[in-house]
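Undergrad: Next up is a structure, given as structure tokens.
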4 protein chains.
Amino acid sequence: MTKKSVTKLTGVIPPVCTPMTSDGQVDADSLIRLVDHLIEGGVDGLFVLGSSSEVAYLTDAQRRVVLDTVAGHVGGRVPVLAGVIDMTTPRVLEHVRVAVEAGVSGLVATAPFYTRTHPTEIRTHFRTISAESGLPVYAYDLPVAVHTKLTAELLLGLAAEGVLAGVKDSSGDDGGLRQVILGREAPFSVLTGSEVTVDSALWMGADGVVPGLGNVDPHGYVRLYQAARQGDWEAARLEQERLVRLFEIVTVGGGRMGGSSSGLGAFKAALHLRGVIDHPATALPQVPLNDEETARIGKHLATAGLL
Amino acid sequence: MTKKSVTKLTGVIPPVCTPMTSDGQVDADSLIRLVDHLIEGGVDGLFVLGSSSEVAYLTDAQRRVVLDTVAGHVGGRVPVLAGVIDMTTPRVLEHVRVAVEAGVSGLVATAPFYTRTHPTEIRTHFRTISAESGLPVYAYDLPVAVHTKLTAELLLGLAAEGVLAGVKDSSGDDGGLRQVILGREAPFSVLTGSEVTVDSALWMGADGVVPGLGNVDPHGYVRLYQAARQGDWEAARLEQERLVRLFEIVTVGGGRMGGSSSGLGAFKAALHLRGVIDHPATALPQVPLNDEETARIGKHLATAGLL
Amino acid sequence: MTKKSVTKLTGVIPPVCTPMTSDGQVDADSLIRLVDHLIEGGVDGLFVLGSSSEVAYLTDAQRRVVLDTVAGHVGGRVPVLAGVIDMTTPRVLEHVRVAVEAGVSGLVATAPFYTRTHPTEIRTHFRTISAESGLPVYAYDLPVAVHTKLTAELLLGLAAEGVLAGVKDSSGDDGGLRQVILGREAPFSVLTGSEVTVDSALWMGADGVVPGLGNVDPHGYVRLYQAARQGDWEAARLEQERLVRLFEIVTVGGGRMGGSSSGLGAFKAALHLRGVIDHPATALPQVPLNDEETARIGKHLATAGLL
Amino acid sequence: MTKKSVTKLTGVIPPVCTPMTSDGQVDADSLIRLVDHLIEGGVDGLFVLGSSSEVAYLTDAQRRVVLDTVAGHVGGRVPVLAGVIDMTTPRVLEHVRVAVEAGVSGLVATAPFYTRTHPTEIRTHFRTISAESGLPVYAYDLPVAVHTKLTAELLLGLAAEGVLAGVKDSSGDDGGLRQVILGREAPFSVLTGSEVTVDSALWMGADGVVPGLGNVDPHGYVRLYQAARQGDWEAARLEQERLVRLFEIVTVGGGRMGGSSSGLGAFKAALHLRGVIDHPATALPQVPLNDEETARIGKHLATAGLL
């Protein structure tokens, strides 16, 4: 398994939003501009087809367009990770094959969902993905979607086997995150998925961050990360606190829509207002933000110095 | 929408297991034998690509094989419903197109899952599926998998709009089931997904049942249903009580595997022991039953007079 | 343990509401009138200090007033069960001592709550209550409050030991209810706590019902029960369906308050409108119903022929 | 409300375990020794009758013994906070009266539990406790027990009203913690209840920590806190990492008991092994640790330099 582990993934690796046209197709031109915006922002890698990419809303054909567009445009300048998000192993392996063909650097997979799952089955799942792909596999711990928490014990066991190259932790459980950090044998990449506790995760020893809000403000997360790496924790905290305030945009839709509609809609509206993408459209059945909600996002951007 | 509603779906409509070869492919020969076993058992319809069909574990190509095999072999003798189970509207619509091409009689769809969803979004989801398919759409209420409960209010509203033709209720909430039964305007088909409260659901006014255990013992569920329809509730209850005892096979795997492995494995082991299918294999990453567990299923079958 | 088991509890045993004065004290005069209303309605027993009695809101002194008032006034005409609802064994035992002193016929206890609890601990809990009280103990299965589901296996094991005399099942899981009914050795009293599936629970073999709505319409539940006992299931169903419609009063408070405020408030408002109790007040911190909500309850009562 | 707010609570405030005799009574002598152990360890305050004090298992008489014993022995040397843990407002107010009589410095209350509760009701609950007590009230956010998460919006609103003096956050949601820290107007005391992320919580701006493990190693948490206050974050982190490893004692009971039995049993076994308390007994219905489990705790203590 050593060929998988030459370098440990670190830094800012945003989950790339998937811009869409108003009729629900992938807007490849906007996607390329978004990738450029992120790379120019200094990010260390890109994660396509994650939750913030609306992966759950994309057809297989659309997922392939995203993969080919991003992998082609990036051309190896930064690592590209691909989410292979589906209910169980056989369906995930279909996505694995497409991602491998597209030439990505690593895969991000959740535990099985929709089915009732046992730790033994979760282990089989990750082992199969690793063996079939020949690529580094990152576990995606996202209980709000998957309804299973990946325990430190399970993650560390699969890390020791060489099955997992790292974890993207979006569980919000920083105690569990710390257990993984203290228990791992190098190299195992611990990436936090939380937008609002990046400085403290890095402080605990995390290697990087996968922030949805990094689409909107990659420079901010890059500054945060670099300050932490240089040991200037005070600067890291101030940057983080600015980003915590900006993150309030995800609540703009309030109770009239689901959290995905509000959060992903906010990221896209902000990217549209900043001139990065052509349309703020989100996929069905999400509820679009209205003008008043979009205007409030604009105010947040202005306060954050992003307009 | 009237063309959708010419007949209301009633009776015993088992969710058809998907037999597999030992290397994980759809075993079409066994599937055809299973369909014959069910039709000879007297069932009123077939539901393919439901949870008991391991739909969550089948690739799109395998789903298509199932649809074509069953729809082709049935040739209109009984209605065939197809599950179109995926995370969100755009992905579900892909399955809808395939199911429509295969010539099925109706579609069964859950609310969106994996994403955080709002009632407004669930309504949009079902409306879009109905409009795009031109087929009767049955809501699949399965909170254990989808992590959302479809309320009576939501179901009755979509029924009144003509969007939903019925519901398959696997929520276990018989109070909610009754609210739908008492609140509906005809024709709206209420089908219980519970194997163990069929007599009482029919007693409350439900139209039929979609029992996973019906794969193993279709004759039992057909006797139960017909006794109820003829007003012989005592016979219905006795049949149901026999089936409650048989249903204990789903717990055979105990705590060493997940509920899907144990339950779906038990159905397939029983079908194998009864000579209906060639292999008891289940899809990855499920844990196979061992010999001791399979022997216990054999004893249950013997007790139930099925060997 | 045989002295505990001379008779099996059956029939309609409403959880008695606790009328209050406008300053939050137990209104003993109204409570006596409510008890008379229920006994005249033909109920087979009374359950005081249950969830519908606002037991969670009553101080220990108030609980004692309720026990003494009801036990004294009933004077043995019907069995009186007492809820002994608290977090863990030592606290529950304090309530047990008071209930035993008051001369009640049996006790109703939940699993421990607030703490994280294991089946071994739940067994110790019920065994201790049984041993200390010398009274029949009924398990109260109420996952919405206790956040633990009592499994059929656990209940049947404690029944076989003589620890439990029965169960009040408010879990809404009629499949589980049936497992207990089919698995029990006589005498073990199975009582459903659901207002809306009483006919079907009796049909499955349940012995009785503990309906909060029975405060408002005891005659209805008594008619339902007696029809079922006489084998006139059609009459039972019609009565049940009338009560299902009446039960809609519990939703009157909608989203502006919690379910307890709305449901318990509705029962008390209905009792006030029917002239049984002097005040519709509920305990802090519940939100009182307003005039418009109360008027809607009045309309439901009129429709049900109760005004 | 200004008299409530003269000083903001800060530092290490352990939730004091409640030593018991082998027959389940409060062991006041051991409790006094434990208090001395903590004060000599340098703690800034004491929190009695919290979850780690087995408050859910103590009768009202036992709670009063604890309050009188600790308040009397401390004699004002450090602030003593008292948990007033019960299901709803009227029951909590009974505990408030006893705590006020005992002369405590502040109160710690959860949202209502057992009942189904609404934010409006939670606000009424805290407002009533504050008004009736005249003492600083700290909200106790413990979703694992209370099954409600206190949102930043709710906490900050009650803080602005002067109802709440602070929060003890045991939710594990450090993103939410940060929202409160950034959103508060001074003085509002933010205390983390997590044993394993104290350095990062202090880094974010929290004022202190309420660590159950602080019973076992108060010196460790005091060193951690003081290092952080002096800006020596590296020392704080190293101390925290040592304590993360020691915290593994809470898992010693594994799957054969509940989390309370294992965690609280481990704290008491450690205190017994260290010679602070006379008996490691926990209250019913908790499962006692066996000799092998106790021996493993001893090894952890030795590794941590505490034996």
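Please treat every number below as a calculation from the coordinates, not as lab data. These figures come from a predicted structure and were not determined experimentally. Don't worry about glycine lacking a Cβ; one is built from the backbone with ideal geometry, like all the others, and counts go over all protein chains shown.
Undergrad: Find every distance from the label point of D:Pro187 to the corresponding label point in the other copies (7 Å from Cα along Cα→Cβ) and write them in nm, one decimal, shortest first.
TA: Computed spacing set for this position: 5.0, 6.4, 7.4 nm.
Undergrad: In addition: Per-residue mean of other chain beta-carbon atoms within 10 angstrom of the beta-carbon, peptide B:81-91? Please list the in-between numbers first.
TA: Values: counts 0, 0, 0, 0, 2, 6, 10, 11, 6, 11, 10.
Mean inter-chain Cβ contacts per residue within 10 Å come to 5.
Undergrad: To the nearest 20 Debye, how big is the dipole of the range D:67-212 about its Cα centre, given +1 on the beta carbon of each Lys and Arg and -1 on that of each Asp and Glu? Before the final figure, lay out the partial values.
TA: Numbers: 10 positive and 16 negative charges, 37 e Å.
That gives a dipole near 180 debye.
Undergrad: Which residue, A:Gly172, A:Gly265, A:Gly231, has the most motion in a Gaussian network model of chain A that connects Cα atoms within less than 10 Å?
TA: Comparing A:Gly172, A:Gly265, A:Gly231 in the GNM, the peak value goes to A:Gly231.
Undergrad: Please build a GNM for chain D, connecting alpha carbons under 10 Å apart, and tell me which residue among D:Ala266, D:Ala186, D:Ala152 fluctuates the most.
TA: D:Ala186
Undergrad: Can you list, largest first and rounded to whole Å, the semi-axes you get for the protein assembly as shown by taking the square root of 5 times each eigenvalue of its Cα gyration tensor?
TA: Working: eigenvalues 388, 388, 167 Å².
So the equivalent ellipsoid measures 44, 44, 29 Å along its semi-axes.
Undergrad: What does the range D:81-150 give for Rg and for Dmax, in Å, if only its C-alpha atoms count?
TA: Considering the range D:81-150 through its Cα atoms, Rg and Dmax are 11.2, 32 Å.
Undergrad: Still on this model: By the gyration tensor of its Cα atoms, with a ≥ b ≥ c the square roots of the eigenvalues, what is the shape of the range A:18-58: rounded for a/c under 1.5, prolate for a/b over b/c, or oblate?
TA: Details: a/c = 3.71, a/b = 1.45, b/c = 2.55.
It is oblate, given that a/c is not under 1.5 and a/b is not larger than b/c.
Undergrad: How high is the FRET efficiency between D:Thr303 and D:Asp36 when r is their beta carbon distance and R₀ equals 35 Å, given to the nearest 0.05?
TA: Details: r = 25 Å, r/R0 = 0.72.
The calculated FRET efficiency here is 0.85.
Undergrad: Next question. Could you give the dipole magnitude of the protein assembly as shown about its Cα centre, charging the beta-carbon of Lys and Arg +1 and that of Asp and Glu -1, in debye to the nearest 20? Please report the intermediate quantities before stating the final value.
TA: On the way: 104 positive and 136 negative charges, 0 e Å.
That gives a dipole near 0 debye.
Undergrad: I'd like the mean, over residues of D:121-133, of how many other protein chain beta carbons sit within 10 Å of each residue's own Cβ. Numbers along the way, then the final one.
TA: On the way: counts 8, 2, 1, 4, 2, 1, 1, 2, 1, 0, 0, 0, 0.
Shielding by partners across D:121-133 averages 2.
Undergrad: Determine one quarter of the surface area of the Cα convex hull of the range A:11-232, which equals its mean projected area, and express it in nm² to one decimal.
TA: Mean projected area for the range A:11-232: 11.3 nm², to one decimal.
Undergrad: Follow-up. Measuring from the axis that superposes chain D on chain C, report the chain D residue with the minimal C-beta distance, rounded to whole Å.
TA: Measuring from each Cβ to the axis, the minimum is at D:His147, 3.
Undergrad: While we're here: Which Cα, out of B:Phe247, B:Leu9, B:Gly259, lies furthest along the positive dipole direction of chain B (beta carbon charges, K/R +1, D/E -1)?
TA: Selected residue: B:Leu9.
Undergrad: Something else now. Label-to-label distances across copies for B:Val144, with labels 7 Å out along Cα→Cβ, in nm, shortest first?
TA: 2.1, 2.7, 2.7
Undergrad: So what is the 222 nm mean residue ellipticity for chain A from helices alone, if each DSSP H run of at least 4 adds -39500 (n - 2.57) and you divide by all residues, rounding to the nearest 500 deg cm²/dmol?
TA: Numbers: 12 runs with 141 residues, N = 307.
Taking each H run of at least 4 residues, the total per residue is -14000 deg cm²/dmol.
Undergrad: Also, quick follow-up: Rg(Cα) of the range D:72-190 divided by 2.2 N^0.38 Å? Walk me through the numbers on the way to the answer.
TA: Details: Rg = 13.7 Å, N = 119, 2.2 N^0.38 = 13.5 Å.
Scaled against compact globular proteins, the figure is 1.02.
Undergrad: Please give the net charge around D:Leu191, taking every other residue with its beta carbon less than 15 angstrom from that of D:Leu191, where Lys and Arg add +1 and Asp and Glu add -1. Intermediate values should be presented prior to the final figure.
TA: Details: positive: D:Lys8, D:Lys168, D:Arg178, D:Arg184, D:Arg229; negative: D:Asp44, D:Asp141, D:Asp169, D:Asp173, D:Asp174, D:Glu195, D:Asp199, D:Asp207.
Net local charge, D:Leu191 excluded: -3.
Undergrad: Here is a follow-up. Tell me, what ³J(HN,Hα) does each residue in the range B:204-216 have, in order and in whole Hz, if you take phi through Karplus 6.51 cos²θ - 1.76 cosθ + 1.60 with θ = phi - 60° and put x for Gly and Pro?
TA: 6, x, 5, 9, x, 9, 10, x, x, 5, x, 4, 6
Undergrad: With label points built 7 Å along Cα→Cβ from the Cα atoms of D:Asp232 and C:Arg256, find their separation and express it in nm.
TA: A separation of 5.9 nm, rounded to one decimal place.
Undergrad: Sticking with this structure for a sec: Specify the residue with the greatest mean-square fluctuation among D:Gly157, D:Gly76, D:Gly255, computed from a Gaussian network of chain D linking alpha-carbon atoms under 10 Å apart.
TA: Highest fluctuation of the listed residues: D:Gly255.
Undergrad: Set the Förster radius R0 to 60 Å, insert the Cβ-Cβ distance between B:Arg97 and B:Arg245 as r into 1/(1 + (r/R0)^6), and round the FRET efficiency to 0.05.
TA: On the way: r = 42 Å, r/R0 = 0.71.
The value I calculate is 0.90.
Undergrad: Next up: Going out from 0 in 10 Å bins, what whole percent of all Cα-Cα distances in the range D:153-199 drops into each bin?
TA: Per 10 Å bin, starting at 0, the Cα pair percentages come out as 28, 56, 15, 0.
Undergrad: Hey, if you put +1 on the Cβ of every Lys and Arg and -1 on every Asp and Glu Cβ in the range D:70-229, which of D:Tyr138, D:His118, D:Val80 ends up farthest toward the positive end of that dipole?
TA: Projecting each Cα onto the dipole axis, the largest value belongs to D:Val80.
Undergrad: Sticking with this structure for a sec: When each copy gets a label point 7 Å from Cα toward the beta-carbon at C:Gly298, what are the spacings between them in nm, shortest first?
TA: C:Gly298 label point versus its equivalents elsewhere: 5.0, 7.2, 7.5 nm.
Undergrad: Between C:Gly83 and residues 5 or more places away or on another chain, which pairs have amide H atoms under 5 Å apart, with H built 1.01 Å from N, and which residues are they?
TA: Under 5 Å from the amide H of C:Gly83 lie the amide H atoms of C:Val48, C:Leu49, C:Gly50, C:Val108, each far enough along the sequence or on another chain.
Undergrad: What is the Å³ per residue value for the convex hull set by the Cα atoms of the range D:147-267?
TA: Values: hull volume 13.4 nm³, N = 121.
Enclosed volume per residue, from the Cα hull, is 110 Å³.
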